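Engineer: Following this message is one structure expressed as structure tokens.
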Amino acid sequence: WEAYQVEDKLYLAGRDVLASADPRNSDYAIDFMFGCQTSETGLFVTQLADGIMGMSAHEMTLTKQLFDKKKVEHNMFALCFRRELGTSKSGVTAGVMTLGGIDNRLDSSPMLFAKNIASTGWFTVYVK
């Protein structure tokens, strides 16, 4: 794949979606550098997902930037997955990602945490 880097203002919703919906509210905005793909090959062409978000332990990733700029309380993200019976390019409601903490309103069972065992590079966890 090939890409180029750009920077733009990124707005995120807080716990109160209505309060964070106004793009003039800088409490939920950061200048964020990201890559725009210009060509795709291999699995990127055939997979169901139509985008990739890098979540490495690098200083420039979204979670770290939000934490450094004091937009989130913790340098963490949570991924909750669920199994869907069908898939479609038009959309799948198969989980949620939260940044800077967790939202217990989404839980139907106790949260399980996986410790990152790598200090740099890709997050590395062991799942049994």
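Engineer: Using 0.36 nm times the number of residues separating residue 59 and residue 29, minus their current alpha carbon distance, what extension gain do you get?
Structural biologist: Roughly 9.0 nm would be gained on extension.
Engineer: Could you calculate the FRET efficiency of residue 74 with residue 1 from 1/(1 + (r/R0)^6), where r is the beta carbon distance between them and R0 is 30 Å, rounded to 0.05?
Structural biologist: 0.45
Engineer: Where does each of 115-128, 66-79 land if you order them by average Cβ count within 10 Å, highest first?
Structural biologist: 66-79, 115-128
Engineer: Next question, about the same structure. Which pairs break 30 Å Cα to Cα here: 9/128; 70/115; 70/128; 69/128?
Structural biologist: 9/128; 70/128; 69/128, as the Cα separations exceed 30 Å there.
A short reminder: the numbers here are calculations on the coordinates, not readings from a lab. For clarity, every value in this text was computed on a predicted model and none was experimentally measured. Using ideal geometry, Cβ is built from the backbone for each residue, glycine included, and neighbour counts are taken over all protein chains shown.
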